[in-house]
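FYI, it's all coordinate maths here, none of it is from the lab. None of these values were measured; they are calculated from a predicted model. Note: ideal-geometry Cβ built from the backbone for every residue, glycine included; neighbour counts use all protein chains shown.
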Amino acid sequence: MIAAMMSKMRPASPLNELGTAFGLTGAALLFLQFLSSGRYETLSGRIGIDRTMGFHRVAAYFLLGFVLLHPLSYSATSFLSNPRAALNHLTGMLLSERLRTGVVAMAGLIVMVALATFRSRPFMRYEYWRVSHGMFAIAVTALALDHLFVVGNYSAEQPLRLLWFFFATVALVAIGLVYIVRPWRMWREDWRVERVRPLGERIWEMMLHGPETTRLRFRAGQFIWMTLAPHRPPFHDHPFSIASSPTDLPRLRLVIREAGDCTSGFGQIEPGTRVAVDGPHGSFVLPKGKEPVIMVAGGVGIAPLLGMLEEAAANADARSFRLLYAARSPSALAGLERLRELQSRLDLSIQCVVEEDVEGSGCSVGPIGHMHVSRSLRGTQSKDVTCLVCGPAVMMEIVTDALLAQGVLADTIHYERFDYAAGKGHIDRARRREALLIFIVLLLGIVAFSLR
């Protein structure tokens, strides 16, 4: 909008300018979505992939809203005085041959957001959604760019024209990195499956072996994107947390739960299978310091925490570690044997919580709740601890809220999620408010532009 105001165009009526502002802002957001896709470690590694993708998700809904309000604003003047004329005007715009690329782009955006919203439903495989999402994004952006240059009065002026060329260049570079450069980089090192063994109920430990001179450098707790041959990235790669220490390189240990089409066949993977690896990603790592560390894992959420404990043991970390580990049953407590071994090298206490088959397991009765969290904090100063939480979304909401209720500072609670859904916990809501504030500022700018 600033670039539009720098042009020599004279403002039209407020509602027409409002429609223009919605269109220009929606187009800018569309281009910027390529940078918030979570695939760029420069960004997501600094603020966390959950925040990056959470913003990407919220931005998609505002983007769609702005695009839908773009044509509606042009017809809004006569909606109250003459609804039929307004509807005819709107229909005429949607059927106009001159506006066709914009209309098709809007329809494509609606489909793309709908598919992304319901992608976890069983009617669509993850790989198919990845392909469709990428292709829709490229097509919608190309159509929107054509619409901007063919129809947009402001976009015909030099400031905005240069801005759109810049955004288009950024989008093309992002597309090239994701679909060409990154897949090439994933295959350039010879990573292979060394072994796969059961680690718990529907949980597998996969050991990867790479070249002795591997370029991979990571902090325990980070994750990789992995593709198993004969599939190819970028449409078949999935994120998996690293459950080993950097000192174990060139071996990587992954702890994986069967949770869909990709992981259901992991038990049949043959040793020697070629693997494409991209990483590291994520900012979920063990912070430095001397304060006690409270770890809470749910199910396969133990993977990054196990990696952190391995790293701590390798570094002779003298801090006190308290692990609260929850699962449905004792057989689902993956890696518990290795955790017991680490107790001899760390000041580590383990509290297990299960929901079934409790008798004789030595575990507390679940589901995990405030009582278990309070027990983990016993004997510590709540304001002087570091907390790391990983597991199912609902569990993380319960645990983070319980930690806050016990006086733990929000800044000392770290977690990272792969579902990217907008959670209901206090910290999730605070993060959502931060993202919404950005779009409130954008809306104020849109109104200011239309009233100038």
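For the reader, a short list of remarks on this structure follows.
- Approximate spin-label separation residue 172-residue 126, in nm, with each point projected 7 Å along Cα-to-Cβ: 3.3
- Charge dipole of segment 293-435 (Cα centre as origin; +1 on each Lys and Arg Cβ, -1 on each Asp and Glu Cβ, all else neutral): 380 debye, rounded to the nearest 20.
- Counted as membrane-span-like here are DSSP H helices of the chain whose alpha-carbon atoms extend 20 Å or more along the helix's own axis and whose Kyte-Doolittle mean is -0.5 or above; these are 14-32, 49-75, 100-117, 126-151, 158-176, 426-451.
- Panel order for 117, 380, 227, by other beta carbons found within 10 Å of each beta carbon, from fewest to most: 117, 380, 227.
- Under a model in which nothing but the beta-carbon of Lys, Arg (+1) and Asp, Glu (-1) is charged, segment 189-281 shows a dipole of about 160 debye around its Cα centre.
- Only DSSP H runs of four or more residues enter the estimate; each adds -39500 (n - 2.57), and after division by the residues of the chain the mean residue ellipticity at 222 nm equals -15000 deg cm²/dmol.
- Relative contact order of the chain: 16 percent, from C-alpha pairs under 8 Å at least 6 residues apart in sequence.
- Highest mean packing comes first when the peptides 163-173, 234-244, 364-374 are listed by Cβ atoms within 10 Å, giving 234-244, 364-374, 163-173.
- Whole-percent P(r), segment 227-353, all Cα pairs, 5 Å bins from 0: 2, 9, 19, 21, 19, 14, 9, 5, 2, 0.
- Where Rh is the Kirkwood radius over Cα pairs, Rg/Rh for segment 293-435: 0.95
- Residues residue 188 and residue 95, FRET efficiency given R0 of 56 Å [Cβ-Cβ distance, rounded to 0.05]: 0.65
- Pairs of C-alpha atoms in segment 189-281 farther apart than 20 Å represent 27 percent of all such pairs.
- Cβ-defined net charge surrounding residue 384, 12 Å radius [Lys, Arg +1; Asp, Glu -1]: +2
- Across the options 116, 126, 23, the greatest Cα extent toward the positive end of the charge dipole of segment 2-185 (unit charges at beta carbon of Lys, Arg, Asp, Glu) belongs to 126.
- Of 95, 301, 272, farthest towards positive along the dipole that unit charges on Lys, Arg, Asp, Glu beta carbons give the chain: 95
- Whole-percent pair-distance distribution, where bins are 20 Å wide, for the alpha carbons of the chain: 22, 47, 25, 5
- Low-density loop cleavage sites - GluC sites (Glu not before Pro) in segment 160-235, where at most 15 other Cβ are within 10 Å (DSSP): 212
- Test item: Cα-centred dipole of the chain, Lys/Arg +1 and Asp/Glu -1 on Cβ, debye: 1040
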